[in-house]
1. Rounded if a/c is under 1.5, else prolate if a/b is larger than b/c, else oblate: which is segment 95-177, with a ≥ b ≥ c the root eigenvalues of its Cα gyration tensor?
2. Take the alpha carbon atoms of segment 132-175, find their center, do the same for segment 206-239, and report the distance between the two centers in whole angstrom.
3. Mind checking the full-extension length gain between Ala200 and Leu241? Use 0.36 nm per residue of separation minus the Cα-Cα distance, one decimal, nm.
4. Between Ala180 and Asp227, what FRET efficiency follows from the Cβ-Cβ distance if R0 is 35 Å, with the result rounded to 0.05?
5. Quick one: if you stick a label point 7 Å off each Cα along the C-beta vector at Ser23 and Arg45, how many nm between them?
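Here, each number is a calculation from the coordinates, and none is a lab measurement. Because the structure is a prediction, the values reported are computed rather than measured. FYI the Cβ positions are ideal-geometry reconstructions off the backbone, even for glycines, and counts take in every protein chain you see.
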Amino acid sequence: MSEKQRFLTIAEAAEFLHVSETSLRRWTNSGKLPSFRVGGRNERRFLMDDLLAFMPSAGSQPALSKQRAAEIQVIPESQSHQRHICLFFLNPNEQWQMLRPYILEYLNAHVPVLYIQESALSSRLLELLRAEGLPLEELIARGLLRLLPPAQTYLLGGSFDAQRMLSFVEAAILGALAAAYTRILIIGEMTWSLEVGLDAEQLKSYEALLNPMVEKYPAATIVCQYDLRRFNGPGVLDALLTHPSVHLSLGRVPGFYGLDKADPPS
């Protein structure tokens, strides 16, 4: 069975589409979204192919009002190159010090942060955020802070598919806009690509395709993190070539390099 023909439970489908299970039940009951019934409990199962067809690119998200559309356009199009950022780090402490301004800016403004990282590292991140005095339980309950592992995002189904991941990113962005948020921060740690032996050209192609994504959605900022201890020279070069902006440690080179030499968030 191909990846697109794989069945997902209702919980997995809700996670993939960034919606509630209640919404999925409503859509299947109305016939808007196909599903299959299995087992003695008649539980719903969803084909990945059907979920991809139901993604925002197929028009599944509600239309935005003119007022909301105007709010979303507050970020000038000329600044889109600042919103797909490659962040290089050498150790966990440096990683946090560089990433911290981004996360705090968004969470303190009560706008969503979606962070994709290994589950084993989530506890440390939560400890660091708690030390900043953030109300984590409230933020998580409201969906403003979401921590997901690569297995539920980049590697859903056990393998990487660039188009599927782009649909996932787009769904997250449109989900935030539909909930009346004017911005969203999406953060990914890219070490997963090395651990599964992903072809370098696949990763490079995916990163390049994120550039038109942030052009299309001025509300989105995407930060891709690269561990310099793990990525070799060609991998670092590919990251540099596919990200319009690069954030490096102030201890080595001047901080934030983009087409306009913008400063990092304060």
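1. prolate
2. Between the Cα centre of segment 132-175 and that of segment 206-239, the gap is 16 Å.
3. Once the chain is fully extended between Ala200 and Leu241, it gains 13.5 nm.
4. Efficiency, rounded to the nearest 0.05: 0.50.
5. 2.5
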